[in-house]
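All remarks here apply to the structure that follows.
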Amino acid sequence: MNRTASRFTQVGDWIFEVKMVRALKVSRYGEPYTATANLTANGDQIYIDTQMTREGQDFTRKDFMAFYKFCQMLNMKSVSYDKIKQGQRYSRTVEIAENQQPKPIVRLVR
């Protein structure tokens, strides 16, 4: 699998920008999938929406890490998603640490 992915591809006089992605949970493309999600990119932030599973399974930490790695490949700075727990919706935003600009170290000297 590629370690980086480009959000921009030029073909002739056109530049194609990835703004939406459909993700399928399946071991091989074309086989029946067990879950799906849509991702929408806006600047350097991506939002995961429409997480659906066939059997009502939860979106696991392993699932999230796959999305995290994909967003890291696209050089996103953060990923947001909503989680439903006991009927309540909770919005979460996770920074993609590997894609953050290093913060300058400021030292005060006498």
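Observations on the structure shown:
- Stokes-Einstein diffusion coefficient of the stretch 1-56, Kirkwood radius over Cα pairs, 37 °C, 0.692 mPa s, in µm²/s: 245
- Shown for the chain: the carbon plus sulfur share of the solvent-accessible area, taken with all protein chains present and a 1.4 angstrom probe, equals 52%.
- Summary of packing: across the peptides 82-93, 57-68, 42-53, the per-residue average of other C-beta atoms within 10 Å ranks them, highest first, as 42-53, 57-68, 82-93.
- Accessible area (Å², per residue) of the chain, counting only protein heavy atoms and a probe of 1.4 Å: 84
- Computed [θ] at 222 nm, helices only, for the chain once each DSSP H run of length n ≥ 4 contributes -39500 (n - 2.57): -3500 deg cm²/dmol
- Summing +1 for each Lys or Arg and -1 for each Asp or Glu among the other residues whose beta-carbon sits under 9 angstrom from that of ARG92 gives 0.
- Sparsely packed GluC sites (Glu not before Pro) within the stretch 1-98, loop by DSSP, other Cβ within 10 Å at most 11: GLU55
- Among (1) 13.6, 43; (2) 17.3, 67; (3) 26.8, 86, the entry derived from the coordinates for Rg and Dmax of the Cα atoms in Å: (2)
- Angle of helix 61-73 to the longest C-alpha principal axis of the chain, folded into 0 to 90 degrees and rounded to 10: 50°.
The values are calculated or read from the model by the stated rules, or taken from the named source; none is laboratory data. Everything quoted here is computed from the prediction, not taken from an experiment. No Cβ is skipped: glycine too gets one built from the backbone with ideal geometry, and neighbour counts run over all protein chains shown. All accessible areas refer to the heavy atoms of the entire protein, side chains included, with ligands and DNA or RNA removed. Shrake-Rupley method; radii C 1.70, N 1.55, O 1.52, S 1.80 Å.
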